[in-house]
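J.: Let me begin by handing over the structure; questions about it come next.
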Amino acid sequence: MSKDEPRKFPSRRAMLKGSLAGGVLGASGLAIAATPGPSGAPLPAGATPHPPVPAAPHPAAPGAPHPVAPAQLAHRPATVSPFPRDFAWGVATAAYQVEGAAAEDGRGPSVWDVFSKKPGAVFEGQSGDVACDHYHRYKEDVALMKALGVKSYRFSVSWTRVLPEGTGAVNQKGVDFYNRLLDELGKAGIHPMCTLFHWDFPEALYKRGGWLNRDVADWFADYAAVVADKLGDRVKAWVTQNEPQCYIGQGLRDGTHAPGDKLKDPQYLLAAHNSMRAHGKAVQALRAHTKPDAKVGYVLSTQLTQPASEMPGDVEAARRAVFAVHERHQWNNSWWMDPVLLGAYPEDGVKLYGKDMPSFPAADLTEMKQPIDFIGMNIYKADTWRQGKDGNPEQVPLPPGYPRSGVDWQPISPGCMYWGPRYFHEKYKLPMSITENGLSTRDQLFLDGKVHDPQRTDFMHRYLLELGRGLREGLPITGYYAWSILDNFEWADGYKQRFGLVYVDYQTQKRIPKESFDWYKKVIASNGASLYGGKLLPPTQVTDG
Ligand code: BGP
């Protein structure tokens, strides 16, 4: 939640007009999985019709029933766990959110160090100065991950710990921290996924124009090469950038995240353009400085939709909505994905922005479109769409009192975990990793000394069943990273939001695994079978396919 908005109003993913009103229309309100229903029914009061999206042919006549109801498929016990044997069960964090040690061992300031000190920028004036003190407690944290049984840990490198000025001299003490962390992970048998950039942009480079300076692509590529040289012997899974919608959109357009600027559209679009050039150049640098077995991905804050029913008209309406760029804000997918994966900006967005579009050499698009190995999808929620009477997509509102997480922008909408990867795979045809998924709740230590968080286990259970459905239908999803292993510094919300599987007492830095930790541990140990009541046989014992 940003500070300069009233707290009752959602920021982030819910910025799409109508998204507070829109959502899953389950037949019973709490029946959260999408339920088949009549297509094209009249709009309920308060519904926000979607502006027309260019018509696309329907695969079948509107109203034709879909052969399989999703809820039945997702929850039906099967004989085989849909999760492949090498599925990367994981947890995720980001440097500024957990490390602390902000001014230690030569680390330079990032825009988040500066922004968090601005009065009113972050909830109660909090900052990541200490955070979870992971910098000093990483051994304990890796031990927790080992106890949890995760196969993979997604972390990010603090650019200014490695290059305090953003470019130039390498700070060996900063590199040493990541060496220690990787060695500890290696001892625990946990595979690292390394994100090069998760929002903590060097302050020194911001002063040189930041993302508005064309040179940023080279600055970022040089940094990528340094990290790859130092860590590439142990890191085989890389992410260039995390959620450009947030660090460009919220940071430079909305002003609710660091550095807190409010650029007009022409400049905002230029910054976005340069961020994608930087991604492309970093991919090239990673390829040049790692071995061929390294996998490289790009992580989006996915803005997902799900159909109100499985009628073909609704499925198509949600598909059109998920890839549409129809409003002037950052909360869409295609603006950030199409240049990177298809080498072109989406036509509807180009039309929308008109003369505000930056002018650039055609070669920029080639630069952006570097082959990558996977799409990283951060998945938290979906809005629900259907085919309206006029044939165009329209958003379906949430009934009053619909379940939400501790952050206002997140209705509990597990269908996103199936429909998101399905739509993305149909369009971009790449393997996918669920690089973040989680729930914020107002956790506390109970009188019995435990942290009971049944909402989180129920949330994960519902979402993982939908993921299982996608896997069963053949979607190439390689892993799932719970956000987060630890409660941590949740950006402009400070320490108010708790997403962790492990509770952090920030007064003492004591870690207390929550109930969801034990629950997820069982899911991992059974390779997903426990999601189905533990009735499944492990894949190795299955003989009937
Ligand atoms: C993702 C970020 C994470 C984490 C998470 C929780 O967008 O990649 O860093 O913060 O969202 O969301 P938030 O902190 O906005 O509530």
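J.: Calculated FRET efficiency, Asp356 and Lys450, Cβ-Cβ r, R0 51 Å, to nearest 0.05?
T.: Calculated transfer efficiency: 0.45.
J.: What order do you get for Met193, Met145 when you list them from fewest to most C-beta neighbours inside 10 Å? Don't skip to the answer; put the middle values down first.
T.: Details: Met193 25, Met145 21.
Listed from fewest to most nearby Cβ atoms, that is Met145, Met193.
J.: Could you give the size of the charge dipole of the range 13-498 about its Cα centre, using +1 on the Cβ of each K and R and -1 on the Cβ of each D and E, expressed in debye and rounded to the nearest 20?
T.: Details: 51 positive and 52 negative charges, 125 e Å.
It comes to approximately 600 debye.
J.: Out of the range 208-303, which trypsin sites (Lys or Arg not before Pro) are coil in DSSP terms and have no more than 13 other C-beta atoms within 10 Å?
T.: Hits after loop and neighbour filter: Lys262, Lys264.
J.: For the cross-link pairs Lys151/Lys522; Lys295/Lys429; Lys496/Lys521, which exceed 18 Å when the distance is taken from alpha carbon to alpha carbon?
T.: Lys496/Lys521
J.: Work out from phi, with θ = phi - 60° and the Karplus expression 6.51 cos²θ - 1.76 cosθ + 1.60, the ³J(HN,Hα) of each residue of the range 327-340, listed in order in whole Hz, and give x for Gly and Pro.
T.: My calculation for the range 327-340 gives 9, 7, 7, 7, 7, 8, 9, 5, 4, 9, 9, 4, x, 6 Hz in order.
J.: Taking 0.36 nm per residue of sequence separation and subtracting the Cα-Cα distance, how much length would be gained by fully extending the chain between Asp233 and Arg328, in nm to one decimal? Write down the numbers at each step before the final one.
T.: Details: separation 95, 0.36 × 95 = 34.20 nm, distance 4.24 nm.
Gain on extension, Asp233 to Arg328, equals 30.0 nm.
J.: Explain nothing, just compute: Karplus ³J(HN,Hα) = 6.51 cos²θ - 1.76 cosθ + 1.60, θ = phi - 60°, for every residue of the range 171-188 in order, whole Hz, x for Gly and Pro.
T.: For the range 171-188, the Karplus curve yields 8, 4, 5, x, 4, 4, 4, 5, 4, 5, 4, 5, 5, 5, 5, x, 5, 7 Hz.
J.: Quick query: amide H of Val396 versus all other amide H atoms, modeled in the peptide plane; which residues come in under 5 Å with a sequence gap of 5 or more or a different chain?
T.: HN-HN under 5 Å from Val396: Gly23, Thr384, Trp385, Arg386.
Coordinate-derived values only; no laboratory data. Everything numeric in this text was worked out from a predicted model, so none of it was measured. Glycine gets a Cβ as well: all are built from the backbone with ideal geometry, and neighbour counts include every protein chain shown.
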